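First up is the structure itself, then whatever we jot down about it.
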Amino acid sequence: MILLTLLWEFGLLSLMAVGGANVVLPELQRIVVAHGWMSAAQLAELFALAQAAPGPNVLVVSLVGWHVAGVGGALVSMLGICLPSSLLSFYVSRWWARHRGGELTGLLSRALLPLTVGLIGASACLLLQAA
């Protein structure tokens, strides 16, 4: 049951991760603390470890999954965070290519920039408080 919960929670996070895995850190903290999987300080430690390791920022998700449910949790968490956003990116990129230069694509480009900056700023504030 815990693996399904991890898959569901990280799948939802995946669809919110406009700008990468770091922007969903506040929501990730809310989820892991609400489920009692770990404290905010433990999540900050795992985030620091993931940032120190070479590779993508999404490594923190695999560490959370591993902490919660071992190797299976790490694999399911990575699947949950990568698959939905990858599928969405594929289909959106096809739509974007067909409508390049259109009014809606320009509007979306201008709207997503401040959203991403705000989400990254919220993540930084959250980590500072937890540390």
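The values are calculated or read from the model by the stated rules, or taken from the named source; none is laboratory data. Since the model is a prediction, treat every value here as computed from it, not as a measurement. When we count neighbours, we look across all protein chains shown, and the Cβ atoms used for this are built from the backbone with ideal geometry, even at glycine. For accessibility, only protein heavy atoms count, side chains too; no ligands or nucleic acids. Shrake-Rupley method; radii C 1.70, N 1.55, O 1.52, S 1.80 Å.
Regarding Arg110, is this residue basic (Lys, Arg) and assigned to a loop (DSSP other than H, G, I, E, B)? Working first, answer last.
Numbers: basic (Lys, Arg): yes; assigned to a loop (DSSP other than H, G, I, E, B): no.
Spelling it out, it is not the case that Arg110 is basic (Lys, Arg) and assigned to a loop (DSSP other than H, G, I, E, B).
Examine region 50-59 for a residue that is small (Gly, Ala, Ser), outside the structural domain of Ile120 (by the TED database) and open to solvent by 80 Å² or more (accessible area, probe 1.4 Å), and state whether such a residue exists. If you could, list the steps in order and put the result at the bottom.
Let us first name the residues in region 50-59 that are small (Gly, Ala, Ser), namely 50, 52-53, 55.
Narrowing the set further to residues that are outside the structural domain of Ile120 (by the TED database) leaves 50, 52-53, 55.
With the extra rule that they be open to solvent by 80 Å² or more (accessible area, probe 1.4 Å), the set shrinks to 52.
So far as region 50-59 goes, yes, one or more of its residues are small (Gly, Ala, Ser), outside the structural domain of Ile120 (by the TED database) and open to solvent by 80 Å² or more (accessible area, probe 1.4 Å).
So if I check each of Val33, Val23, which one is β-branched (Val, Ile, Thr) and modelled with pLDDT under 90? Before you say what the answer is, go through the steps one by one.
Numbers: Val33 fails: modelled with pLDDT under 90.
Of the residues listed, the single one that is β-branched (Val, Ile, Thr) and modelled with pLDDT under 90 is Val23.
Name, by its number, the condition in (1) among the aromatic types (Phe, Trp, Tyr); (2) over 28 Å from Ala131 (Cβ atoms); (3) open to solvent by less than 30 Å² (accessible area, probe 1.4 Å) that does not hold for Phe10.
The number of the failed condition is (2).
List the pairs whose first member sits in region 120-131 and is in a loop (DSSP other than H, G, I, E, B), whose second member is open to solvent by less than 30 Å² (accessible area, probe 1.4 Å) and among the hydrophobic types (A, V, I, L, M, F, W, C), and whose Cβ atoms are under 8 Å apart, counting only residues at least 6 apart or on separate chains?
Once the first residue is in a loop (DSSP other than H, G, I, E, B) and sits in region 120-131, its partners that are open to solvent by less than 30 Å² (accessible area, probe 1.4 Å) and among the hydrophobic types (A, V, I, L, M, F, W, C) give Ala131/Ala44.
Output the residues belonging to region 14-32 that are farther than 22 Å from Ala52 by Cβ and open to solvent by less than 30 Å² (accessible area, probe 1.4 Å). Spell out how you get there, then give the answer.
Our first condition is that a residue be farther than 22 Å from Ala52 by Cβ; within region 14-32, this holds for 14-16, 18, 27, 30-31.
Residues satisfying the conditions are Ser14, Ile31.
Got a sec? Which of Ser86, Ser109 is among the polar types (S, T, N, Q), outside the structural domain of Leu126 (by the TED database) and open to solvent by less than 80 Å² (accessible area, probe 1.4 Å)? Walk me through how you get there before you give the answer.
Values: Ser109 fails: outside the structural domain of Leu126 (by the TED database).
Matching residue, one of Ser86, Ser109: Ser86.
Answer with yes or no whether Val64 is open to solvent by 40 Å² or more (accessible area, probe 1.4 Å), assigned to a helix (DSSP H, G or I) and either touching a Gly at 6+ places or on another chain (Cβ under 6 Å) or β-branched (Val, Ile, Thr) (or both). Step through it out loud before you land on a result.
Numbers: open to solvent by 40 Å² or more (accessible area, probe 1.4 Å): no; assigned to a helix (DSSP H, G or I): yes; either touching a Gly at 6+ places or on another chain (Cβ under 6 Å) or β-branched (Val, Ile, Thr) (or both): yes.
It is false that Val64 is open to solvent by 40 Å² or more (accessible area, probe 1.4 Å), assigned to a helix (DSSP H, G or I) and either touching a Gly at 6+ places or on another chain (Cβ under 6 Å) or β-branched (Val, Ile, Thr) (or both).
Find the residue count for region 38-47, including only residues that are open to solvent by 40 Å² or more (accessible area, probe 1.4 Å) and touching a residue at least 12 places away in the same chain (Cβ under 8 Å).
Keep residues of region 38-47 that are open to solvent by 40 Å² or more (accessible area, probe 1.4 Å), which gives 39, 41-42, 45.
After this cut, where a residue has to be touching a residue at least 12 places away in the same chain (Cβ under 8 Å) as well, the list is 41-42.
Counting residues in region 38-47 that are open to solvent by 40 Å² or more (accessible area, probe 1.4 Å) and touching a residue at least 12 places away in the same chain (Cβ under 8 Å) gives 2.
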